[in-house]
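Step one of this worksheet: look at the structure below.
The values are calculated or read from the model by the stated rules, or taken from the named source; none is laboratory data. Small disclaimer: the values here were computed from a predicted structure and weren't measured. As a convention, Cβ positions derive from the backbone with ideal geometry for all residues, glycine included, and neighbour counts pool all protein chains shown. These area figures cover heavy atoms from the full protein model, side chains too; ligands, DNA and RNA do not enter into them. Shrake-Rupley method; radii C 1.70, N 1.55, O 1.52, S 1.80 Å.
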Amino acid sequence: MKSRTLKGMRSRVRRRWRALPGAQSGLALIEFAFSLPIFMLLAMFGAEIAFLATANMRTSQVALMLADNASRLGQTDTNTLSPTITDSDINTVLRGASLQTKTLGMMQKGRIVISSLERNATGGQTIHWQRCAGVYNRGSMYGSEGKGASDNSFLGMGRGTAIATAEPGSAVMFVEVFYRYTPLFGTTFMSERVLSQEAAMVIRDNRNLSAGLANNVESSKRMTCDKYRTI
């Protein structure tokens, strides 16, 4: 009995073995197994590019938003005199940017620089005042507060031919945003990099430019650019 059973099993094995070279039942699964790593790499690379594009877009958006908000400060002031912008005004604008970019971690991984570009006494361009937020140790690409205060050597702020300049009696709110981008999948597809965006807006209404930025908050709460902290 056992002998017949063994012979039957051997016979079935031999038949299956002979049929194996022409078998195609698992071909699709094998092809999928070989192609799966390639598709996974393509999907990961696509996700990395999308994440980078989103971070770059949000960095650009916060720069535009900050420049626009800073240019509107004092616009609702009903006083007949030109309003004076204060440190608390700038703190409010920076706090709004911090809330807007909370999920991006802008304050922890980036730096925001707001500069008031104005005319100096000799008609040249100067950075009258400047405020910063974020722990990233990075300064303005165009100079610090007081740049160009006494001569005409400072031409303005901006890259290439897109240089912003202030007209007499007016000012330009120039915003620089720097963000240290960390890739989703480490350095598999790209290295860490610093995203940089700029925006400039002319102030909307008259402003008491001679007063500069009024210090109406205690020193520890002034977001001067020698401090590297969140707000």
Residue that is modelled with the lowest pLDDT, among those in region 198-231 that are closer than 23 Å to TYR142 by Cβ and polar (S, T, N, Q): SER210
Residue count, region 119-161, condition of a type in the set (Gly, Ala, Ser) and not in a loop (DSSP other than H, G, I, E, B), comes to 3
Residues that are open to solvent by 30 Å² or more (accessible area, probe 1.4 Å) and within 15 Å of the chain's Cα centre (by Cα): does region 107-121 have at least one? yes
Within region 130-141, can you find the residues that are among the hydrophobic types (A, V, I, L, M, F, W, C) and open to solvent by 10 Å² or more (accessible area, probe 1.4 Å)? VAL135, MET141
Sole residue being over 25 Å from the mean Cα position of the chain (by Cα) and open to solvent by less than 70 Å² (accessible area, probe 1.4 Å), chosen from LEU209, LEU195: LEU209
Say we look at region 88-106 and pick out the residues that are open to solvent by 10 Å² or more (accessible area, probe 1.4 Å) and of a type in the set (Val, Ile, Thr); which of these is modelled with the lowest pLDDT? THR103
Please work out which residue is surrounded by the most Cβ atoms within 10 Å (Cβ to Cβ), limiting yourself to region 212-231 and to residues that are free of Cβ contacts under 8 Å to residues at least 12 places away in the same chain and outside any loop (DSSP other than H, G, I, E, B). SER219
How many of the residues making up region 119-170 are over 14 Å from ILE203 (Cβ atoms), without any contact (Cβ under 8 Å) to a residue 60 or more places away in the chain and of a type outside the set (S, T, N, Q)? 22
Inside region 31-68, the number of residues satisfying the requirement of being open to solvent by less than 90 Å² (accessible area, probe 1.4 Å) and acidic (Asp, Glu) is 2
Output the number of residues of region 89-105 satisfying the condition of being in contact (Cβ under 8 Å) with a residue 24 or more places away in the chain and closer than 20 Å to ASN206 by Cβ. 2
Please specify each residue of region 163-192 satisfying the condition of being outside any strand (DSSP E or B) and either of a type in the set (Ser, Thr, Tyr) or open to solvent by less than 50 Å² (accessible area, probe 1.4 Å) (or both). THR165, ALA166, SER170, ALA171, THR182, PRO183, GLY186, THR187, THR188, MET190, SER191
If I filter region 109-118 for residues that are touching a residue at least 24 places away in the same chain (Cβ under 8 Å), of a type in the set (S, T, N, Q) and closer than 25 Å to MET57 by Cβ, do I get at least one hit? yes
